[in-house]
Amino acid sequence: MPSSQPKRRTLLLGGIGLAATLAGCRFDDPTVTPRAGAGAAPSASPTSDATVVAAQNAEDAMATWLAGLPLVQAAGAPIPAGMVVVLTALRDAHRAHATLLGQPDPLSPVAGTPTAVAVAPKVPGTWDALVGELTTRQTALAASHRTACLAATDPSHALLFASLHAFATTQKSLTLAVTKGSVQPAHVQVGNRLDALGVLLGHVRALAQGLQIGAGQLPLPSPLYTPARTRLAAVWTVRDSLEKSILAAGGTITPAPASYRMPGGFSTPAEIQKTWGALETTVLNGWARLAAASTGNDRAAALDAMAPQAAAVQATGTSLTWWPGWA
């Protein structure tokens, strides 16, 4: 729907001057496009079998460890209220990761193939110890997925491991329960790096505009207002950095449209947060595309930007899916 305009007061977060956009690129779609015949298995996997097997084993180990959580309660250390749902959802996500990675071609999975789950090992007997071990395990898992992403020669596999890395990094802290979502990894076309930079820039600017409009519509005083201003400043910094990257890559900067299409409304604080969450998610998808379309240090930089962006999604109260970065 068209962007809602402030009714109560002038925007207090600065002008709409979202500066430029890359000439000749589409900014309405951060998604990657499936290749023709994507359901058919490729003749050879661009990612080594050993890498995929290691990732599957690591994800299965994480799911298996999480399946032992009832032992925490049996040891007399109850899981805090609300955390059972969060941890169960996390277990299911890691189990889904292991299932996909266990397919002959993870990007052309066979529906309904189960993952074997071993007997759950004993987990720490106190809640604090459990959180500490969870952090350690997720940190190691994220590091292994990062290594696999940087080594991937096929963009689709790079995107797969970028998603897994962002998920593991974000889930070191227990906040919102993750959700299944409606999309899972597949063979895709991501385009070149300059195209990906342009798409990401357009969505970062749309996010900035949404933050401005939403903050201008908040009833004051609001606990959301100051965080929105802080987030807007950070988004503007990202915008400027992307513009420099586009110029360095030989792209052209032209004026942005006066307004962007918003994924939701701004009538209430809850609606504003939901709209912000959708905009932050779109930016996350843009970073994932850029990681897949880049190589070397450029991929590493995009990959490292995905984790804080995933955290920004959660900060709006929007849950991550099992596959962050896949639209």
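Scoring Ser156 on the criteria (1) open to solvent by 40 Å² or more (accessible area, probe 1.4 Å); (2) under 17 Å from the mean Cα position of the chain (by Cα) leaves a single failure, condition (1). Checking each residue in segment 220-242 for being among the β-branched types (Val, Ile, Thr) and either in a loop (DSSP other than H, G, I, E, B) or in contact with a helix residue (DSSP H, G or I) (Cβ under 9 Å, 6 or more places away or on another chain) (or both) picks out Val235, Val238.
Return yes or no: is Gln314 in a helix (DSSP H, G or I), in contact with a Ser or Thr (Cβ under 7 Å, 6 or more places away or on another chain) and open to solvent by 40 Å² or more (accessible area, probe 1.4 Å)? Taking the combined requirement at face value, the residue does not satisfy it. Of all the criteria given as (1) open to solvent by less than 30 Å² (accessible area, probe 1.4 Å); (2) touching a residue at least 40 places away in the same chain (Cβ under 8 Å); (3) part of a helix (DSSP H, G or I), the one not satisfied by Ser245 is (1). Within segment 178-194, the set of residues being closer than 20 Å to Val84 by Cα and open to solvent by less than 30 Å² (accessible area, probe 1.4 Å) comprises just one member, Val178.
Counting only residues that are assigned to a loop (DSSP other than H, G, I, E, B) and of a type in the set (S, T, N, Q), which one in segment 86-112 is modelled with the lowest pLDDT? Give the steps one after another, and end with the answer.
Start the filter on segment 86-112 by keeping residues that are assigned to a loop (DSSP other than H, G, I, E, B), which leaves 102-112.
Add one more test, that the residue is of a type in the set (S, T, N, Q), and what stays is 103, 108.
Details: Gln103: 91, Ser108: 87.
Among residues in segment 86-112 that are assigned to a loop (DSSP other than H, G, I, E, B) and of a type in the set (S, T, N, Q), the one modelled with the lowest pLDDT is Ser108.
Answer yes or no as to whether Ala302 is at negative phi, hydrophobic (A, V, I, L, M, F, W, C) and surrounded by 21 or more Cβ atoms within 10 Å (Cβ to Cβ). It is true that Ala302 is at negative phi, hydrophobic (A, V, I, L, M, F, W, C) and surrounded by 21 or more Cβ atoms within 10 Å (Cβ to Cβ).
If we scan segment 255-265, do we find a residue that is within 22 Å of the chain's Cα centre (by Cα), assigned to a helix (DSSP H, G or I) and at pLDDT 95 or above? No, because not a single residue in segment 255-265 is within 22 Å of the chain's Cα centre (by Cα), assigned to a helix (DSSP H, G or I) and at pLDDT 95 or above.
Residues that are within 26 Å of the chain's Cα centre (by Cα), touching a residue at least 24 places away in the same chain (Cβ under 8 Å) and open to solvent by 60 Å² or more (accessible area, probe 1.4 Å) within segment 58-90 comprise just one, Val85.
The values are calculated or read from the model by the stated rules, or taken from the named source; none is laboratory data. Since this is a predicted model, take the numbers as computed values, not measurements. So basically every Cβ, Gly included, is an ideal-geometry build from the backbone, and we count neighbours across all protein chains shown. Surface areas here come from the heavy atoms of the whole protein model, side chains and all, with no ligands, DNA or RNA. Shrake-Rupley method; radii C 1.70, N 1.55, O 1.52, S 1.80 Å.
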